[in-house]
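Peer 1: There's a structure below that I have some questions on.
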Amino acid sequence: MVAVATGTSDDLRGDMGSGGWSRRRFVGALAGGSAAAALPACDNASAPTASTTPSAPESSPSREARRPSGPRPLYLGTYTSVEGGGKGIGLATYDAATGRITGTGTLSGVGDPSYLAIHPDRRTLYAVNEREDGAVTAVRLADRKVLGSRSTGGAAPCHLSVHPGGRWLLSANYGSGSVAVHPIDSSGALGERTDLVRHSTPPPGPGQDGPHAHQIFTSPDRRYVLAVDLGTDTVYTYRLDEKAGTLTEVSQARTRPGAGPRHLTFHPGGRYAYLADEVDNTVAVCSYDPDSGRVTVGAAQSTGTGPGTNYPAQILVTANGRFAYLANRGANSLTRYAIEADGARLRLLDTVPVDGDFPRQIAFSPEGTLLFAANQKSGTVTVFHVDGKSGTLRRAGEPFPSPVAVCALPL
């Protein structure tokens with residue numbers, strides 16, 4: 001988590017729980033050691049063409065794994081208020097067949113865009129502004145015009161997602177432990193916040209100073225909104241009023257004390273999900289009741305990273321529901337799991353070096369044939385080919401340099 005100058009966040013946020021790391025201390029420590037090369041300043045370069053299939057950084061790839069031809073757009077999140085950081089949202093393209101990334105410039109005018117999401121119609125990009133005075137920003141992709149920013153009502157927003165209907169933007173404020181809702185108008189621009197909910201109960205978990213909302217997204221059945229809070233060791237289920245843009249809490253699911261849940265990803269079947277616990281270095285299989293929206297957290301499982309210090313970041317699931325991949329910060333690897341029993345069980349297969357330092361976020365290409373890992377400390381993005389049958393990962397060339405890389409959004 002990070003806070004520099006006017007504030008902000010990076011990532012070992014309360015990561016180390018009782019270890020006492022703050023977002024400000026951690027980012028300051030990593031920034032000085034970053035040797036990433038900056039993308040060329042090319043703000044007026046033409047925007048790459050994207051398809052019209054909805055996608056997001058954490059979404060599963062399309063079931064029809066067809067490789068498109070020509071360069072595809074790639075957007076890169078960073079921190080702009082740290083030494084060695086970026087100047088805005090990184091612009092690049094990638095070859096869907098080879099995985100090769102080519103930098104094309106920087107979209108300036110967006111501060112600390114540490115997480116990115118795309119509107120379902122692919123016309124507007126949204127970014128958090130991970131600062132003490134948190135905000136979210138909309139960018140029209142046709143001409144890369146910044147459509148404006150809106151306050152999230154909290155500190156250090158670190159995650160956002162667009163509701164599938166395209167009318168609401170959901171964001172999570174890590175620093176203040178709250179979640180916010182903003183309306184999206186027909187142009188893609190954001191309106192004033194319609195709701196702000198702070199996670200006031202249960203009390204913070206061991207080693208935590210308060211709630212720390214880390215993720216917010218819509219369930220696959222579109223009936224509920226789920227929020228993961230590292231500070232309270234809880235997954236919250238909300239119902240979104242799609243007319244008023246307000247959230248009503250439906251249920252809470254507790255992890256074991258001190259787990260520090262960070263990221264939840266569903267199996268394509270919609271009845272199970274997988275939770276990455278950043279503080280105690282575990283994962284858990286969760287069951288989901290689509291009628292009530294209730295999540296039940298299962299037993300803690302190994303990340304396969306051994307006895308060293310490790311902080312799980314994000315977990316992805318293939319569209320065929322057969323494999324899951326976990327990004328490990330510290331061990332600097334990707335753990336591969338086989339998914340069994342129609343989603344009810346994870347079986348650890350192996351770990352693969354990420355060839356970078358501190359993989360903060362991972363994402364599939366829309367076709368599911370490539371996996372991108374944004375490595376924060378080394379300032380690089382590593383690309384892997386994904387074998388659809390075996391789930392094995394094969395690195396696609398050398399990592400691409402990108403300043404303090406904390407998010408990669410391939411379209």
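Peer 1: How many residues does segment 91-105 contain that are out of contact with any Pro (no Cβ under 8 Å at 6 or more places or on another chain) and crowded, with 24+ Cβ neighbours inside 10 Å?
Peer 2: Adding up the residues that qualify gives 1.
Peer 1: I've got another one for you. From the list Arg254, Arg239, which residue is surrounded by fewer than 17 Cβ atoms within 10 Å (Cβ to Cβ) and in contact with a Phe, Trp or Tyr (Cβ under 8 Å, 6 or more places away or on another chain)?
Peer 2: Working: Arg254 fails: in contact with a Phe, Trp or Tyr (Cβ under 8 Å, 6 or more places away or on another chain).
Result of the check over Arg254, Arg239: Arg239.
Peer 1: Check segment 351-363 and report whether any residue there is more than 21 Å from Leu76 (Cβ to Cβ) and in contact (Cβ under 8 Å) with a residue 24 or more places away in the chain.
Peer 2: To start, the set of residues in segment 351-363 that are more than 21 Å from Leu76 (Cβ to Cβ) comprises 351-353.
Add one more test, that the residue is in contact (Cβ under 8 Å) with a residue 24 or more places away in the chain, and what stays is 351-352.
There is at least one residue in segment 351-363 that is more than 21 Å from Leu76 (Cβ to Cβ) and in contact (Cβ under 8 Å) with a residue 24 or more places away in the chain.
Peer 1: What strands (runs of 3 or more DSSP E) lie completely within segment 116-170 and have 2 or more residues being open to solvent by 10 Å² or more (accessible area, probe 1.4 Å)? Full working, then the answer.
Peer 2: Values: elements: 116-118, 124-129, 135-140, 145-151, 157-162.
Per the criteria, 135-140, 145-151, 157-162.
Peer 1: If a residue must be modelled with pLDDT under 95 and more than 12 Å from Gly368 (Cβ to Cβ), how many such residues does segment 379-388 contain? Show your work before the answer.
Peer 2: Quick first cut of segment 379-388, residues modelled with pLDDT under 95 only: 388.
Retained after the next criterion (residues that are more than 12 Å from Gly368 (Cβ to Cβ)): none.
The qualifying residues number 0.
Peer 1: If a residue must be free of Cβ contacts under 8 Å to residues at least 60 places away in the same chain and either within 19 Å of Val406 (Cβ to Cβ) or small (Gly, Ala, Ser) (or both), how many such residues does segment 130-156 contain?
Peer 2: 12
Peer 1: Given the structure, is Pro410 crowded, with 24+ Cβ neighbours inside 10 Å, at pLDDT 95 or above and under 21 Å from Thr104 (Cα atoms)? Spell out the reasoning first.
Peer 2: Numbers: crowded, with 24+ Cβ neighbours inside 10 Å: yes; at pLDDT 95 or above: yes; under 21 Å from Thr104 (Cα atoms): yes.
So Pro410 fits the description; yes.
Peer 1: A further question on this structure: Tell me yes or no: at least one residue of segment 322-342 is outside any strand (DSSP E or B), in contact (Cβ under 8 Å) with a residue 24 or more places away in the chain and open to solvent by less than 10 Å² (accessible area, probe 1.4 Å).
Peer 2: Residues of segment 322-342 that are outside any strand (DSSP E or B), as a first pass: 322, 330-332, 341-342.
Okay, now just the ones that are also in contact (Cβ under 8 Å) with a residue 24 or more places away in the chain, so 322, 330-332, 342.
Now drop any that are not open to solvent by less than 10 Å² (accessible area, probe 1.4 Å), which leaves none.
Taking every residue of segment 322-342 in turn, none turns out to be outside any strand (DSSP E or B), in contact (Cβ under 8 Å) with a residue 24 or more places away in the chain and open to solvent by less than 10 Å² (accessible area, probe 1.4 Å).
Peer 1: Listed residues Asp209, Asp221; which is open to solvent by 30 Å² or more (accessible area, probe 1.4 Å), under 20 Å from Leu275 (Cα atoms) and either touching a Lys or Arg at 6+ places or on another chain (Cβ under 9 Å) or at pLDDT 95 or above (or both)? Write out each step before concluding.
Peer 2: Details: Asp209 fails: under 20 Å from Leu275 (Cα atoms).
Sole residue among the options that is open to solvent by 30 Å² or more (accessible area, probe 1.4 Å), under 20 Å from Leu275 (Cα atoms) and either touching a Lys or Arg at 6+ places or on another chain (Cβ under 9 Å) or at pLDDT 95 or above (or both): Asp221.
Peer 1: Are there any pairs, at least 6 apart or on different chains, whose C-beta atoms fall under 6 Å, with the first in segment 70-85 and within 18 Å of Thr382 (Cα to Cα) and open to solvent by 40 Å² or more (accessible area, probe 1.4 Å) and the second polar (S, T, N, Q) and at pLDDT 95 or above, and if so, which?
Peer 2: From residues that are within 18 Å of Thr382 (Cα to Cα) and open to solvent by 40 Å² or more (accessible area, probe 1.4 Å), the pairs are Pro71/Thr93.
Peer 1: Step by step: first the residues of segment 106-115, then only those that are assigned to a loop (DSSP other than H, G, I, E, B) and surrounded by fewer than 23 Cβ atoms within 10 Å (Cβ to Cβ), then the one that is nearest to the chain's Cα centre (by Cα). Which residue is that? Can you show your working first?
Peer 2: Applying the first criterion (assigned to a loop (DSSP other than H, G, I, E, B)) to segment 106-115 yields 109-115.
The next check asks that each one be surrounded by fewer than 23 Cβ atoms within 10 Å (Cβ to Cβ); those that pass are 109, 111.
On the way: Gly109: 21, Gly111: 17 Å.
Step by step, filter segment 106-115, then rank; the result is Gly111.
The values are calculated or read from the model by the stated rules, or taken from the named source; none is laboratory data. Model, not experiment: these values are computed from the prediction. For neighbour counting, all protein chains shown are included, and Cβ atoms are generated from backbone atoms with ideal geometry for every residue, glycine included. Areas reflect the complete protein model, heavy atoms only, side chains present, ligands, DNA and RNA absent. Shrake-Rupley method; radii C 1.70, N 1.55, O 1.52, S 1.80 Å.
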